[in-house]
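*Asks:* The structure's right below; bear with me while I get my questions together.
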Amino acid sequence: SRDRQSSAEETPAAERTIAAIPEDASPGEDPSEFTVRARRVEPQNYIERIRVRGRTQAFRQVQVRAEQAGRIVSEPVPRGARVNEGDVLCEIAIDNREADLAEAEARLEQAEFEYQASRDLQSRSLQSDVAVAQLRTAVESARAAVSRAELAIKKKKKEK
């Protein structure tokens, strides 16, 4: 039976003759008494689908941080989404930037006032050089904060 199968597999389909003979049939029985069902099979393409469970990992990862803190006013890009350079990931409200600038200007004004008072005291030998230097540093730091706040407003206006 195995030899019949292998030779049938090697024979082209057009030349193949298939006979169904039960295993318990004796050699003298007439094979015409058996019913055979046949079906024509046509070759066709199919897509093989395989379900696999797994976990993917990004090839590269980038950590993104905002230059300025604030309230998010637009829907952020979904985590894991593909983005290109220059894409807007989310928008931060500009309304608090005006307040940040006003606060920075007020701190600068206070730092300048304290520095001037400290210099007055120093001229009368009532203030140390170290204290005056610390207050001068506070003035420079407050100026930098004002510059950052102004730059944040300019950047936001330029983006619109």
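*Asks:* Arranged from highest to lowest average of other beta-carbon atoms within 10 Å per residue, in what order do the peptides 73-83, 36-46 appear?
*Replies:* Descending packing order for the listed peptides: 73-83, 36-46.
*Asks:* Order by neighbour count: Asp129, Asp120, fewest other Cβ atoms within 10 Å first, most last.
*Replies:* With the sparsest Cβ surroundings first, the list reads Asp129, Asp120.
*Asks:* While we're here: Of Ile94, Tyr115, Gln134, which is farthest along the charge dipole of the stretch 29-160 in the positive direction, counting Lys and Arg as +1 and Asp and Glu as -1 at C-beta?
*Replies:* Ranked along the dipole, the leading option is Ile94.
*Asks:* Something else about it: Contact order normalised by length for the stretch 95-159, with contacts defined as Cα pairs under 8 Å and 6 or more residues apart; what percent is it?
*Replies:* 47
Read-outs: derived from the displayed coordinates by stated rules, not from any lab. Values in this document were obtained by computation on a predicted structure and should not be read as measured data. We place every Cβ from the backbone using ideal geometry, glycine too, and count neighbours over all the protein chains shown.
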